[in-house]
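The values are calculated or read from the model by the stated rules, or taken from the named source; none is laboratory data. All figures in this text were calculated on a predicted structure; none of them were measured in a lab. Note that each Cβ is placed from the backbone with ideal geometry, even for glycine, and that neighbours are counted across all protein chains shown.
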Amino acid sequence: MGDDPPRVARRSHDARARAADQQWMLGDDLLVAPVVECGVTTRELDLPKGCWRHAGSDRTLKGPAMPTVDVQLDSLTYFTRCGTDPVGPGR
């Protein structure tokens, strides 16, 4: 996978993207939103248009939206576009 700039860098004119720092799109189908502060249990995302599946819970969300999701410091929070498997076997 290549290193994509944070969404804020790709859409700096978008206030929603600026508000959702510390999340990145890796390609078109993978949104990574790591926990960056100790003690945090939820975080807000800038979810792009479409259907997104939370990798840890299989919960699906519809974007565009700014949902608040549960997070854990010891696991990586990421979402895949519904119907895709960008981190599956052979990737």
- Note on the structure: Residues of the stretch 44-91 being of a type in the set (Lys, Arg) and over 13 Å from MET25 (Cβ atoms), in sequence order, are ARG53, ARG59, LYS62, ARG91
- Query: For the stretch 39-60, which residues satisfy the criterion of being under 11 Å from the mean Cα position of the chain (by Cα) and under 16 Å from LEU76 (Cα atoms)?
  - Reply: ARG43, GLU44, LEU45, TRP52, ARG53, HIS54, ALA55
- Query: Restricting the search to the stretch 52-64, which residues are loosely packed, with under 15 Cβ neighbours inside 10 Å and either aromatic (Phe, Trp, Tyr) or modelled with pLDDT of 90 or more (or both)?
  - Reply: ARG59, THR60, LYS62, PRO64
- Message: Return the residues of the stretch 54-87 that are touching a residue at least 40 places away in the same chain (Cβ under 8 Å), part of a loop (DSSP other than H, G, I, E, B) and of a type in the set (Val, Ile, Thr); say none if nothing qualifies.
- Response: THR77, THR84, VAL87
- Among the residues of the stretch 1-38, which ones are at pLDDT 90 or above and over 15 Å from THR77 (Cβ atoms)? GLY27, ASP28, ASP29
